[in-house]
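The values are calculated or read from the model by the stated rules, or taken from the named source; none is laboratory data. Small disclaimer: the values here were computed from a predicted structure and weren't measured. We place every Cβ from the backbone using ideal geometry, glycine too, and count neighbours over all the protein chains shown. Protein only, heavy atoms only, side chains kept; ligands, DNA and RNA dropped before computing areas. Shrake-Rupley method; radii C 1.70, N 1.55, O 1.52, S 1.80 Å.
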Amino acid sequence: MPVTLLTDTILQPSSDGSLVASLPMPTRLPYDCANRTTMVQFDGCGGVSRYAIVGFGPVLEPDSSYVGVSINGTAWPWNATKKLSMFGRRQRVATESDSFSIICDSFLDETTALVYQEYTLRNGQPGETVFGLDFGFLDHESVRGQVDPGRGSCPVVASDTPLSLREREGPGYHLSLRLSLPAGSSGRIRLVYHPEPAGESRSDEELLAGFDAALADAKRHDAFLRERMKGSDALERAMHASALNCAISSYKDINGFKGFFAGVNYQWPPRTYYRDGYFTALPLLAHRPDLVREELLTLALGIDEAGRCPSAVIDASHVFWEDHSDSPAFFVMLLHDYVAATGDIGVLREAPQGSSLAGLALRCVDGMRDRADASGLMYRESWDRHDWADNVYRDGYVTYTEVLYYRALVCAGRIARVAARDDPGVPGAPGYAEEAERVRLAINQHLWVDSLGWYVDYTGGARTEDHLAIDTVLAVLFGVADHDRSRRLLDAMERHLETRSNGEQPFGDWGTMCCYPLYRFPDHLVEKSSRPYSYHNGSDWPYWSSLYAFAKGTMGLDPAYPLRRWFAWSLATGWATPVEYYSPAVGKGSSLQAWSSVAAFAIDFADATGFPYQLQTEGEEPHP
């Protein structure tokens, strides 16, 4: 059955990939945008509700902005309808009343920390009309005392129309401007938000001089997304464009940091995660592999002498949450997939911390081998939550971790063979293929339960959690499961995780759960996952849903439900960018969440019969 939009959806996908809505004037509809330096949220009413700069901090207090519009001193009718359109790094708000029309375009360019707004006005009334704009916000404490106090009436907004400060009280700015339009004429107002440190500020004229170039840059980004856009219908095309925009927008390049941010809720400290980086890279390998290369060089900085990796890297001297069990595998896999996708063998010799990337990848795998026990599997001690499910203690043998270990061994063997051709000092895949096969057999021996028809979540420690977890779908993607077990696992996920088929969960048809039944041991859960249907405990994670959809497609099964349902639910709810996770019980997590962009990968490779990035080496048989 095709997955379509709900009848009462707030947002609709347009044929050109944009998301559109018709709403009453007072209704806010947030749209998160980001570029290489800045993360901003436009509120759907002409306001800038959030504004932060990487490495600097918030510029405005969140949700403190307001906008009031008037015609000849009388408020714009609040019962008027507005039309919103969102695409790339732009949000447009358009409305018309009594022969007067207003269009407000808010956008970012690719690189600067400036926020641009343009009001386009058309006076169709018989006489001269005065358009009024009264707006304001609270500046954040991080900018107080840092912006130039002599920058004019408002040190964070430049305008091409005279702008007056009605009042400045503490952190609050209350601003006004007026523009008179003769009958039948059009007009324009341009604003630039610009929190520039004292001593470095530019005049309004200098800031506004770059407006046209910034707008052209935003339009080029739009054109790029539309040129690459794929999908079977308007919903999928809009999802593809939204996901690809999300991945590109997550890339940051400021003060020496180059890499992918996880999402709008993961800005401080500035950091890039190994696992988020890997899944964000999957769609970008086909569209912007140059960004993936920079991500690899940054992640390399976090690898220690024993091959251990943190959850995330801040810079060459600082890491975030040390020693995560899945991070080394994701580094190895990302390096392998990048070389397989691009043929850029030279990256293997790059040495951002004195050791080549090839050598670091082998160090990571050897470190994982050191953690394996006599079974061949990596054993995790009690009270370990150092993987993607970082609100859940998973000990003993964890299927997710073991499959990543297997895949890392396969990838390391291929990397070593390729690197050894150019560098005799690199060992030519010392036993990696044999060890990988041993691990694959051990996973199927210790973690598959035939009576259930799936791999358990974790076992072998103090307890066994034998529910069905969506992260075990990696066993299908990376060839750990044979054809029969792959089909049985995917069939089980369709019955139990797709909520349209699971009548035991209480919320009806809303998405694909990340596990079911929910976790049985409360003392193994912390923070957000301690709540039912929250976070790792039964919510829908669009990146896992998309990977599961891709796996179904490779096996000839219908991927539509897990691929499309989360996006249709988001549009119905008014979530305009890919979210981190959600459920009817708790709402959503972060917005503009980078790894949720893996949906674009699933659409790009909808016809694939296996995982697409496979580095074939001389003398090696093709591998799943």
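Observations, loosely collected:
- Checked against (1) crowded, with 17+ Cβ neighbours inside 10 Å; (2) of a type outside the set (D, E, K, R); (3) more than 22 Å from the chain's Cα centre (by Cα), Ser70 passes all but a single condition, namely (1).
- Residue within the stretch 324-339 that is out of contact with any Lys or Arg (no Cβ under 8 Å at 6 or more places or on another chain) and more than 30 Å from Trp268 (Cβ to Cβ) present: yes
- Any helices (runs of 4 or more DSSP H) falling wholly within the stretch 169-260 and containing at least 1 residues that are touching a helix residue (DSSP H, G or I) at 6+ places or on another chain (Cβ under 9 Å): 211-228, 234-249
- Residues that are among the hydrophobic types (A, V, I, L, M, F, W, C) and part of a helix (DSSP H, G or I), drawn from the stretch 353-373: Leu357, Ala358, Leu360, Ala361, Leu362, Cys364, Val365, Met368
- Top-ranked residue in the stretch 606-624 [being open to solvent by 50 Å² or more (accessible area, probe 1.4 Å) and modelled with pLDDT of 95 or more; ranked as nearest to His336 (Cα to Cα)]: Thr609
- Residues within the stretch 135-168 that are assigned to a loop (DSSP other than H, G, I, E, B), under 22 Å from Leu208 (Cα atoms) and either touching a Lys or Arg at 6+ places or on another chain (Cβ under 6 Å) or at pLDDT below 90 (or both), tallied: 12
- Against the test of being free of Cβ contacts under 8 Å to residues at least 60 places away in the same chain, open to solvent by less than 10 Å² (accessible area, probe 1.4 Å), touching a Leu at 6+ places or on another chain (Cβ under 6 Å) and not hydroxyl-bearing (Ser, Thr, Tyr), the options Ala549, Ala600, Ala568 yield a single qualifying residue, Ala549.
- Out of Asp344, Asp326, Asp290, one residue alone is at pLDDT 95 or above and within 20 Å of Leu409 (Cβ to Cβ). It is Asp326.
- Matching option when the condition is at pLDDT 95 or above, open to solvent by 10 Å² or more (accessible area, probe 1.4 Å) and within 30 Å of Ser530 (Cα to Cα), among Asp384, Asp390: Asp390
- Some residue of the stretch 313-324 being within 20 Å of Cys246 (Cβ to Cβ), open to solvent by 40 Å² or more (accessible area, probe 1.4 Å) and in contact (Cβ under 8 Å) with a residue 40 or more places away in the chain: no
- With respect to being more than 16 Å from Ala419 (Cα to Cα), open to solvent by less than 50 Å² (accessible area, probe 1.4 Å) and outside any helix (DSSP H, G or I), Gly376 fits the description.
- Hits in the stretch 426-437 (condition: surrounded by fewer than 16 Cβ atoms within 10 Å (Cβ to Cβ) and touching a residue at least 24 places away in the same chain (Cβ under 8 Å)): Pro427
- Scanning the stretch 289-312 for residues that are open to solvent by less than 10 Å² (accessible area, probe 1.4 Å) and either touching a His at 6+ places or on another chain (Cβ under 7 Å) or part of a loop (DSSP other than H, G, I, E, B) (or both) turns up Ile303, Gly307, Cys309, Pro310, Ser311.
- Residue match in the stretch 404-425 (condition: touching a residue at least 40 places away in the same chain (Cβ under 8 Å), in a loop (DSSP other than H, G, I, E, B), under 27 Å from Gly359 (Cα atoms) and not hydroxyl-bearing (Ser, Thr, Tyr)): yes
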